[in-house]
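For reference, the structure discussed in these notes is given below.
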Amino acid sequence: SRHFCPLGMSSLPQRLLEGTEIFFGRRAVSLSAASDHWRIATDSGEIFSAHSCILTAPLPQSLAIASTLNHPSAQLPLRELESIPYHRCLALLAEIEGPSSIPASGHAIALTPSIHFAADCARKGLSQPGPSQGLVLLATPSFSLSHWDQPDDTIAATLLAEAAPVLALRSRARRCFR
């Protein structure tokens, strides 16, 4: 089964992390425990210190970091975490001209054989309606796996071509996320 947040995928962590300093655009590669804090190293060589740390998806990366921990306070249920099925998901953020035909709820599930989830950012209240607005498409696990190594432009064009007739879309710009 798949899960999503009706208020947008960022609503859950935003609520959980209110008042917390968050750093984006960095990939953690190691985590170690010091006497009263955690040390987090990034792939660019930055070192961060924190009193608490949350490992987030992608699950394989989180498991790789967690498996290196050797500290009594790091009692992670690795076997349980390793048993969680992980499916790659390609996400597309597109700018569309005008509204989509997504229902008033702002989202649609099992839209096409390749698109598991679609969200119209304006209808979900995440952006203002206007001549151009955001559209998020989440690909199915099978599409994501079979297209993972393709260029972003190819993935975006394929997903938008499949979504266009269903959602009455005219897209202008797009960005694919892995």
Once every DSSP H run of n ≥ 4 in the chain is given -39500 (n - 2.57) and the sum is divided by its residues, what mean residue ellipticity at 222 nm do you get, rounded to the nearest 500 deg cm²/dmol? -6500 deg cm²/dmol
Can you bin the chain into rounded, prolate or oblate? Criterion: square roots of the alpha carbon gyration tensor eigenvalues sorted a ≥ b ≥ c, rounded for a/c under 1.5, prolate for a/b above b/c, oblate for the rest. prolate
If packing is taken as the average number of other Cβ atoms within 10 Å across a peptide's residues, how do 15-22, 39-46, 58-65, 119-126 rank, most packed first? 119-126, 58-65, 39-46, 15-22
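Could you give the length gained on full extension between Asp152 and Ser132, defined as 0.36 nm per residue of separation minus the Cα-Cα distance, in nm? Kindly include the intermediate steps, with their values, before the conclusion.
Working: separation 20, 0.36 × 20 = 7.20 nm, distance 2.13 nm.
Extra length available between Asp152 and Ser132 comes to 5.1 nm.
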Take each of the peptides 88-95, 144-151, average the number of other beta-carbon atoms within 10 Å over its residues, and list them starting from the highest. 88-95, 144-151
Debye, to nearest 20: dipole size of the chain, +1 on Lys, Arg Cβ, -1 on Asp, Glu Cβ: 240 debye
What angle, in degrees between 0 and 90 and rounded to the nearest 10, separates the Cα long axis of helix 152-167 from the longest principal axis of the Cα atoms of the chain? 50 degrees
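Pull out a ≥ b ≥ c, the square roots of the eigenvalues of the alpha-carbon gyration tensor of region 1-62, then state rounded if a/c is under 1.5, prolate if not and a/b is larger than b/c, and oblate in the remaining case. Please report the intermediate quantities before stating the final value.
Working: a/c = 2.17, a/b = 1.65, b/c = 1.32.
Note, shape of region 1-62 comes out prolate.
Coordinate-derived values only; no laboratory data. Here the structure is a predicted model, which means the values were calculated and not measured. Reconstructed Cβ throughout: ideal geometry from the backbone, glycine too, with neighbour counts over all protein chains shown.
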